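Down below is the structure, laid out as structure tokens.
The values are calculated or read from the model by the stated rules, or taken from the named source; none is laboratory data. The shown structure was predicted, so the numbers you read here are calculated from the model rather than taken from an experiment. Ideal geometry is used to build each Cβ from the backbone, glycine not excepted, and the neighbour counts take in all protein chains shown. Remember, those area values only see protein heavy atoms, side chains included, never the ligands or the DNA or RNA. Shrake-Rupley method; radii C 1.70, N 1.55, O 1.52, S 1.80 Å.
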Amino acid sequence: MSPSALYLVGSDITCSHAAQRPVLRKMGSGESRPGKVSLCGDTSSKASESPAEPKGKRPPVLVDGVTLNGPTLDIREAESFLREAMPIIMEEAVWKATDVKEKVCEWRSPEQLKDLLDLELREGGEAHPQILQRCRDAIRYSVKTGHPLFFNQLYAGMDPYSLVGRFITEAINPSLYTYEVAPVFLLTEEAVLKKMIEIIGWQEGGDGIFSPGGSVSNMYAVNVARYHHCPDVKVLGLSALPRLVMFTSQECHYSVSKAAAFLGIGTNNVYVIPSDKRGKMIPAEFEKQVQRAKDEGALPFMVNATAGTTVLGAFDPLEEIADICERHNLWMHVDACWGGGALMSKKHRYLLQGIHRANSVAWNPHKMLMAGLQCCAFMVRDKTNLLQRCHSAQASYLFQQDKFYDVSYDTGDKSIQCSRKPDAFKFWLMWKAIGTKGLEERVDRALAMARYLAEEIKKRDGFRLVMEPEYTNVCFWYIPPSLRDTADGPEFWRKVHAVAPVVKERMMKKGSMMVGYQPHGDKANFFRQIIISPQVSREDMDFLLDQIHSLGMDL
């Protein structure tokens, strides 16, 4: 059968195929719903016919016993399901999940939750009422990260504009490799990257791409830095390289060592630089390690500096690190995934003084700026197409050079991925809605709230700051009444070490709030309170301290 004949046959499908196909849309009061497509030439179901189309039904087209006439999706059922599901999402996952009077979580053990969710996948599908209940259960037993009392991670809160941006991109389901399939989202990514590069201070511009997480951005940095120093690695591989050494502080994110392992550099070739008592890299120690690597006959090629460490919220001295990098021809990468938000604030951007001298920067707007997971930019101070040269594979089925539009907008070959989500769009939409000023106000308020909490901790019996906060990481111990008259010493700290895990267990089982804790170096477990969301109030800070005391006073 010829292609034209295949086009003409089909139950209720004719030359006016596009006009006939049912669509998922809101129906007006005077409109009728599209006729159901008959898959087997059922003459009892009549579809509307345009004057130009042939009369009568067409016999079904069968291939390998499968009927190919028309779509198999029941449009009315799909529309009905979406209309029922969206109010559940709005009520349970948006309104209730951000209501301070509701629980942050409904804790269940893994075995309990397995039974509640009925996770087994079966041959047959379930009815829509059952699927809607699955939706309710998934929301109910999930941690509400948009809740004002969720302080557990380096992201929190719910921005309405970002959320709508995510709804749009999930509905459209694009992939950012070529302009032809994602024109709007490639242009918004370009616009966001251009503005972020400007804010970093790269006056001559740069390049960048959004990646699926800050860990991947740091991996990009290692790969690009290596390619910059040893471009033959792309073709010849590791066997053509000298022993490479990279540097990072003891407070860095664990993704740095993972990148070294993944890229074949080896974790033993990540030289860890001591940090001072505030958690900042010590520049003099950094330069000593560079010289050590050279003396060993290795090739030092990059340093990872951190702007906003995960636990203490410390900022490495970027200017001094940049001086050392210039002396030794090292690539300088700044992991500003967490602390990059401070660049939006005139009052606090001094924390990242010298970042404009970096060769690359990782910055996650889904953290302090609340763009919603995930939203992670990797940027390079380069105008020579370094990202493209490092990662390009020139797939001919995607990146044809004879397209009818400007193929420079086909940016996907800069990425290590093929499929890539439009993560910049939600940030762009939020930025358009509240402006640079609105983002600055969020950052300023979060740091002011952290300062308030730190001062309250100093006033309260049984609470002790680990150190004065530099950012919005407020780290502190809770000391129960039973230990307050005990002298500091190994036994005291052993007992304090056991307090935070019990308080955390109790708060989660109660569902009242979520705050992280951890040991750090030789320090006993302490709470790490992270402040981000503008939904958080002073009263919430007071409640936090009251609740920890209430949950731990009997220990």
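Mind checking the dipole of the range 329-387: about its Cα centre, +1 per Lys or Arg Cβ, -1 per Asp or Glu Cβ, Debye to the nearest 20?
It comes to approximately 260 debye.
Taking only the Cα atoms of the range 159-297, how large is their convex hull per residue, in Å³? Present the calculation step by step, with values, prior to reporting the outcome.
Numbers: hull volume 24.7 nm³, N = 139.
Spread over its residues, the Cα hull of the range 159-297 gives 178 Å³ apiece.
Given the options Met196, Gly213, Val184, identify the residue whose Cα lies farthest towards the positive end of the charge dipole of the range 183-262 (+1 on Cβ of Lys, Arg; -1 on Cβ of Asp, Glu).
Gly213
Please turn the phi angles of the range 523-529 into ³J(HN,Hα) values with the Karplus equation 6.51 cos²θ - 1.76 cosθ + 1.60 (θ = phi - 60°), one per residue in order, whole Hz, x for glycine and proline.
So the Karplus estimates, Gly and Pro as x, are 8, 5, 3, 9, 7, 10, 8 Hz.
Leaving out ligands and nucleic acids, and using a 1.4 Å probe, what accessible area per residue does the chain come to in Å²? The partial results should precede the final answer.
Numbers: 26930 Å² over 555 residues.
The answer is 49 Å² per residue.
Rounded to the nearest percent, how much of the accessible area of the range 413-555 (1.4 Å probe, protein heavy atoms only) is carbon and sulfur?
54
Run through the DSSP bridge list for the chain and note the antiparallel percent, rounded to the nearest 5. Please list the in-between numbers first.
Details: 24 of 43 bridges.
Among the beta bridges of the chain, antiparallel pairing accounts for roughly 55 percent.
With all protein chains present and a 1.4 Å probe, how do Lys403, Lys346, Lys509 order by accessible area, largest first? Walk me through the numbers before you get to the answer.
On the way: Lys403 35, Lys346 160, Lys509 120 Å².
So the residues, ranked largest to smallest area, are Lys346, Lys509, Lys403.
When only alpha-carbon atoms count, how far does the range 189-236 stretch along each of its three principal axes, as whole angstroms with the largest first?
36, 25, 15 Å, listed from the longest principal axis down.
Taking a 26 Å limit on the Cα-Cα distance, which of the listed pairs Lys144/Lys421; Lys101/Lys437; Lys194/Lys414; Lys194/Lys367; Lys96/Lys509 fall beyond it?
Exceeds cut-off: Lys101/Lys437.
Would you work out which of Leu62, Ala138, Leu447 lies farthest towards the positive end of the dipole of the chain, given +1 charges on the beta-carbon of Lys and Arg and -1 on that of Asp and Glu, about the Cα centre?
Leu447
What number does the range 203-268 give for Rg over Rh if you use C-alpha atoms and the Kirkwood radius?
Result for the range 203-268 is an Rg/Rh of 0.99.
How big is the gap, in Å, between the Cα center of the range 521-540 and the Cα center of the range 349-401?
So the two Cα centres are separated by 29 Å.
Any idea what the alpha-carbon Rg over 2.2 N^0.38 Å comes to for the range 47-167?
In units of the 2.2 N^0.38 Å rule of thumb, it is 1.59.
Relative to the Cα centre, what is the charge dipole magnitude of the chain, using +1 at the beta carbon of each Lys and Arg, -1 at the beta carbon of each Asp and Glu, and rounding to the nearest 20 debye? Could you put the intermediate results ahead of the total?
Details: 67 positive and 67 negative charges, 73 e Å.
Using Cβ point charges on Lys, Arg, Asp and Glu, the chain gives about 340 debye.
At 1.4 Å probe size, what's the solvent-accessible area of Tyr141? Round to the nearest 10 Å².
Probe radius 1.4 Å; accessible area of Tyr141 about 40 Å².
Per residue and in cubic angstrom, what volume does the convex hull of the Cα atoms of the range 409-517 have?
Cα-based convex hull of the range 409-517, divided per residue, equals 210 Å³.
Considering every Cα-Cα pair within the range 267-306, what fraction, in whole percent, is farther apart than 17 Å?
28
Just need log10 I(q)/I(0) for the chain at q = 0.09 Å⁻¹, Debye formula, equal scatterers on the alpha-carbon atoms, no solvent, rounded to two decimals.
-0.84
Using a 1.4 angstrom probe with every protein chain in place, what is the largest-first accessible-area order of Ile282, Ile75?
Largest accessible area first, the residues go Ile282, Ile75.
Counting DSSP beta bridges with both partners in the range 331-483, what percentage is antiparallel, nearest 5?
70
Using only helices, what value at 222 nm comes out for the chain when you add -39,500 (n - 2.57) per DSSP H run of length 4 or more and divide by the total residues, to the nearest 500 deg cm²/dmol?
-11500 deg cm²/dmol
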